[in-house]
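Notes follow once the structure below has been shown.
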Amino acid sequence: MAETTQPVTMETIVSLCRRRGFVFPSSEIYGGLGSTYDYGHYGVLTKNNIRSLWFRTMVQERDDIVALDSAIILNPRVWEASGHVAGFTDPLVDCRTCKLRFRADQLDQASCGRKPSKRPGETPDCDLTEARQFNLMFETHVGALQEESSAAYLRPETAQGIFINFKNVAQLARRKPPFGIAQFGKAFRNEITPGNFLFRVREFELMEVEFFVPPPDAPKWHEYWIEQRLGWHRGLGLRDENLRVREHDENERSHYSSATSDIEYLYPIGWGELEGVANRGEYDLTQHTQHSGTKLEWIDPDGNRYTPYVIEPAVSIERIFVALLCDAYHEEVVGDRERVVLRLHPKVAPVKAAILPLIPRDEGMATRARSLYEELRRHHVVEHDEGGQIGRRYRRQDEIGTPWAFTVDEQTLEDETVTVRDRDTLAQERLPISGVRAWLDDALERDWSSPQSD
Ligand code: ATP
């Protein structure tokens, strides 16, 4: 097998996603809406896998975290108390020459609108305004009248829905600190410069845990969560050399944070934040106590009261999605043919197996393949494909990352066995058709690490 050594570009990933129906530019027939995307069938399946693996690790397999699903539109006072109305801002500059807007703190990564493109401020013609603070929250109106009293916001993070429910959950969940509340769901940020495919979008799905701890234990738990989350990303198959932890310096931290470390991934655009792990201290519970008049504190059995500190691992499905596709993408030449293969962790892959009749016109093969497919689909997402040459069908499955293909051929009609083809090694072996279900269940539970590291 000849391997290509070119590093993957974001354009390659965008084009694969489009070609194979993972992700489409949104509102395309109306000219699109910059940096907004819709997910097709394989995109939905992949996102579902990422979300359920996260939920499994963070909630199902732990004793100390419970789930919550709060509203997207909350009482606007929540965002005053949290500091978002005053402080959830990015510095913005306009260029009077090229008429584009930039984040003042990211000018070194931005491209100006003129040709050949320059960094904003790089040439004497650039005419940048002074930086001014721009609030990233989307405003909306609740109710029929657009008066000021009905103004509200689409949530920019799911965390606040958790803090305002602290008392409800702490009373009912029969948990004492350290314990956490997990939530996933859509979040909205009016980013000044969205872009780089799904890396920075205005609407994305956050997965967050607010982990409440006794204040003296906060640094220890912060370290714990950085390690846990890093391990989780490795477990999804992301290669070690593409992951690192970077601590924020004081100027970078959000208004609520007393310490933050980013787990970064080496995206095609360079190292970028994959997940943030912040020590939010007692900031949020204290703010909501002051603004709402409801005491959000912990009272232990001896009557001692304290406001727990909060450690928050927060990540979007979008940033994981892009990292996984970049990490998995591979081009190689097999025989005299090129193939593109997505070496996704089988647990992440949108389709777990393809069932292929070698000669679809052959009734014996067609019937057996169809009945194997109907058996397997009750347990896993599998695909039955009878369109085109077998080689082309394998290539199609390789490009969407399907780990295994079961092929029904002439020999199946004689001895009731099928071949199983491995996406990564291209090895083929024969199995009794009656054992395929158990084989697949077992294969999905096996440890997996990216062959790309070899
Ligand atoms: P950045 O510095 O990249 O703007 P941030 O520090 O504002 O990110 P956080 O507030 O820490 O981001 O958000 C938590 C997580 O949400 C991030 O680690 C990232 O996974 C994700 N995220 C944040 N903004 C976006 C976005 N615009 N599009 C996709 N995912 C995002």
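Tabulated values for the structure
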| quantity | calculated |
| --- | --- |
| The chain - percent of accessible surface contributed by carbon and sulfur, probe 1.4 Å | 47 percent |
| For peptides 12-19, 63-70, 325-332, sequence by mean Cβ density within 10 Å, most packed first | 325-332, 12-19, 63-70 |
| Segment 1-157, accessible area per residue, ligands and nucleic acids excluded (1.4 Å, Å²) | 58 Å² |
| Förster-model FRET efficiency, 60 Å R0, His380 and Asp127, C-beta, rounded to 0.05 | 0.55 |
| Cβ-Cβ FRET estimate between Arg77 and Val333, R0 fixed at 45 Å, reported to 0.05 | 0.15 |
| Alpha carbon centroid spacing (whole Å) that separates segment 279-343 from segment 176-222 | 4 Å |
| Chain lengthening between Phe138 and Gln411 when straightened (0.36 nm per residue, less Cα-Cα) | 92.2 nm |
| Pairs beyond 31 Å (Cα-Cα), from Lys220/Lys295; Lys220/Lys352; Lys186/Lys295 | Lys220/Lys352 |
| Radius 13 Å from Cβ of Gly387, net charge of other residues (Lys, Arg +1; Asp, Glu -1) | +2 |
| Exposure ranking of Trp232, Trp448, Trp225 by accessible area [1.4 Å probe, largest first] | Trp448, Trp232, Trp225 |
| For peptides 156-168, 435-447, sequence by mean Cβ density within 10 Å, most packed first | 156-168, 435-447 |
| At most 11 other Cβ within 10 Å, DSSP loop - GluC sites (Glu not before Pro), segment 188-283 | Glu250 |
| Where segment 309-353 is the region considered: accessible area per residue in Å², 1.4 Å probe | 23 Å² |
| Value of relative contact order over segment 390-454, rounded to a whole percent, pairs C-alpha under 8 Å and six or more apart | 21 percent |
| Principal axis dimensions, the chain - Cα atoms, whole angstrom, descending | 77, 68, 49 |
| Relative contact order of segment 311-454, pairs being alpha-carbon contacts under 8 Å that are 6 or more residues apart, as % | 24 percent |
| Segment 230-275 and segment 9-76: distance between their alpha carbon centers, rounded to Å | 19 Å |
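The values are calculated or read from the model by the stated rules, or taken from the named source; none is laboratory data. Not measured: the values here are computed from a predicted model. Positions of Cβ are backbone-derived with ideal geometry, glycine not excepted, and every protein chain shown enters the neighbour counts. Accessible surface areas use protein heavy atoms only, side chains included; no ligands, DNA or RNA. Shrake-Rupley method; radii C 1.70, N 1.55, O 1.52, S 1.80 Å.
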